[in-house]
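Take a look at this one; I'll ask things after.
The values are calculated or read from the model by the stated rules, or taken from the named source; none is laboratory data. Source: prediction; values computed, not measured. FYI the Cβ positions are ideal-geometry reconstructions off the backbone, even for glycines, and counts take in every protein chain you see. Please note that ligands, DNA and RNA were not included when accessible areas were found on the heavy atoms of the full protein model with its side chains. Shrake-Rupley method; radii C 1.70, N 1.55, O 1.52, S 1.80 Å.
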Amino acid sequence: MLNKILLVIWFILRPEYYLHFFSLIKRKFLFNHDTIENSKKAFEWAEANTIPYVDALNKLDIKGEVVGLDNDSIIEGRKLEARSSVKMGGSGHIHLLYDCVRLLKVENVIETGVAYGWSSLAILKALSQNGLGKLFSVDMPYPRKKNENDVGIVVPQNLRKYWTLIRKPDNPGILNALNKAGGEIDLCHYDSDKSWWGRHYAYPILWKSLTTGGLFISDDIQDNLYFSEFVKKNSLKFAVVEFEGKFIGLIRKN
Ligand SMILES: C[S@@+](CC[C@H](N)C(=O)[O-])C[C@H]1O[C@@H](n2cnc3c(N)ncnc32)[C@H](O)[C@@H]1O
């Protein structure tokens, strides 16, 4: 009970998080899609659709050599991460992100969910090597963890010139990011609110804003059935890859 009260106070003190706070309250009265049974079904669906990483890029017509994020960047990132005393969420598929951004030579990228900033680092490194593009990241820090100052800690100074970090929840952070990106994006990485209702809010906005040929990447699609329902409902060309026991969904816009 005390924890719940402290959580409510945490949100009340942050007016820029009110939209998300209200949607969390509203979800208590909506149908619960995030059941154990549904996550089991989602895991089975993801596992059955998984293909090797290289085959996934081929399936989505992403051509070129797959090399992954270099070791030096990872070692430097680990040193920076060690300066944080807070435990945050694990990284997305940094090699896949790096290769997709590099091979597609994308200009505008949005990601949701930063934590230590591993996905940001992979995207920014590829943008800097391409010599073009910008990353707009949306992140609401974990409530009551006091991790605000460590969000994005693994991103070195020299890559920050390509980066805008919007410290807000997906709602309204994604719309703010889109505004800054000029309304269109070439790639997005979704790794923030993994609930079914969270995805229900964000996927359609991000998908609609993708340019033709753009790439949608979502982490942890095994958590619930939203990703599988989204690709089925919209008859989309997708691929699933496995990474460290979880599943990443990719969709290319025709
Ligand atoms: C799994 S971590 C992101 C990991 C990161 N993409 C990486 O590869 O290192 C999830 C992050 O999303 C943030 N988050 C959770 N819910 C959110 C929401 N509704 N809006 C924005 N950020 C959210 C968490 O605070 C956390 O920083």
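Restricting to the chain, compute how many DSSP beta bridges are antiparallel as a %, nearest 5.
Values: 10 of 29 bridges.
Looking only at bridges with both residues in the chain, the antiparallel portion is about 35 percent.
With every protein chain kept in place and ligands, DNA and RNA left out, what is the accessible area per residue of segment 2-252? Probe 1.4 Å, answer in Å².
With the other protein chains kept in place, segment 2-252 gives 48 Å² per residue.
Same structure again: In sequence order, what are the phi-derived ³J(HN,Hα) couplings for segment 210-218 according to the Karplus relation 6.51 cos²θ - 1.76 cosθ + 1.60 with θ = phi - 60°, rounded to whole Hz, with x for glycine and proline?
6, 6, 4, x, x, 10, 9, 10, 10
Also, I was wondering about something else. Could you name the lysines whose alpha carbon sits less than 21 Å from that of K125, not counting residues in the same chain fewer than 8 places away?
K63, K79, K105, K134, K161, K180
Which of the listed residues, S23, H95, S209, is farthest toward the dipole's positive end in segment 2-252, when Lys, Arg count +1 and Asp, Glu count -1 at the beta-carbon?
Toward the positive end, the furthest listed residue is S23.
Net charge near G90: determine it from the other residues with C-beta under 14 Å of the C-beta of G90, scoring Lys and Arg +1 and Asp and Glu -1.
-2
Please identify every one of the trypsin sites (Lys or Arg not before Pro) in segment 1-33 that sits in a loop by DSSP and has no more than 13 other beta carbons within 10 Å of its own beta carbon. Mind dumping the intermediate values first?
Working: sites: K4, K26, R27, K28; in loops: K28.
Hits after loop and neighbour filter: K28.
Cα convex hull of segment 113-254: mean projected area in nm², to one decimal?
Convex hull of Cα atoms, orientation-averaged projection: 8.7 nm².
Still on this structure: Using the Karplus equation 6.51 cos²θ - 1.76 cosθ + 1.60 (θ = phi - 60°), what ³J(HN,Hα) coupling, rounded to whole Hz, does each residue of segment 231-237 give in order, writing x for Gly and Pro?
My calculation for segment 231-237 gives 6, 5, 4, 9, 6, 9, 7 Hz in order.
Just add up the charged neighbours of S39: K/R +1, D/E -1, any other residue whose Cβ is under 11 Å from the Cβ of S39.
With Lys, Arg at +1 and Asp, Glu at -1, the neighbours total -2.
Going by average Cβ density within 10 Å per residue, which order do the peptides 41-51, 198-208 take, highest to lowest? Mind showing how you got there, number by number?
Numbers: 41-51: 16.0, 198-208: 18.7.
Listed from highest to lowest mean packing, they are 198-208, 41-51.
Moving to a separate point now. At what distance in nm do the modelled label points of K146 and L30 sit from each other, each positioned 7 Å from its Cα along Cα→Cβ?
Label at K146, label at L30, 3.3 nm between them.
In percent, how large is the relative contact order of segment 2-252, given Cα pairs closer than 8 Å and 6 or more residues apart? Can you show the working numbers first?
Values: 425 pairs, mean separation 59.7, N = 251.
In percent, rounded to a whole number, it is 24.
If you put +1 on each Lys and Arg Cβ and -1 on each Asp and Glu Cβ, how big is the dipole of segment 2-252 around its Cα centre, in Debye rounded to 20?
Once rounded to the nearest 20, the dipole reads 780 debye.
I'd like the accessible area for E242, computed on protein heavy atoms only with a 1.4 Å probe and all protein chains in place. Round to 10 Å², please.
Spelled out: E242, probe radius 1.4 Å, area about 90 Å².
How many nm is it between the label spots at N158 and V54, if each spot is 7 Å from the Cα in line with the beta carbon?
Simple spin-label model gives 3.0 nm for this pair.
Another question, then. In nanometres, what is the gap between the two model label sites at S235 and Q129, each 7 Å from Cα along Cα-to-Cβ?
3.8 nm
Additional query: So if R0 is 22 Å, what FRET efficiency would N179 and T212 give, r being the distance between their Cβ atoms, rounded to the nearest 0.05?
0.60
Convert each backbone phi in segment 165-179 into a coupling constant with the Karplus relation 6.51 cos²θ - 1.76 cosθ + 1.60 (shift: θ = phi - 60°), then list the ³J(HN,Hα) values in order as whole Hz, x for Gly and Pro.
Each residue's phi maps through the Karplus curve to give 9, 9, 8, 9, x, 3, 9, x, x, 5, 5, 4, 5, 4, 4 Hz.
While we're looking at this one, here's another question. Mind checking segment 213-248 for trypsin sites (Lys or Arg not before Pro) that DSSP puts in a loop (not H, G, I, E or B) and that have at most 16 other Cβ atoms within 10 Å?
Those that pass, being in a loop and sparsely packed, are K237.
Rounded to the nearest 0.05, what FRET efficiency is calculated for N38 and D72 with R0 set to 51 Å and r the Cβ-Cβ distance?
On the way: r = 41 Å, r/R0 = 0.81.
The value I calculate is 0.80.
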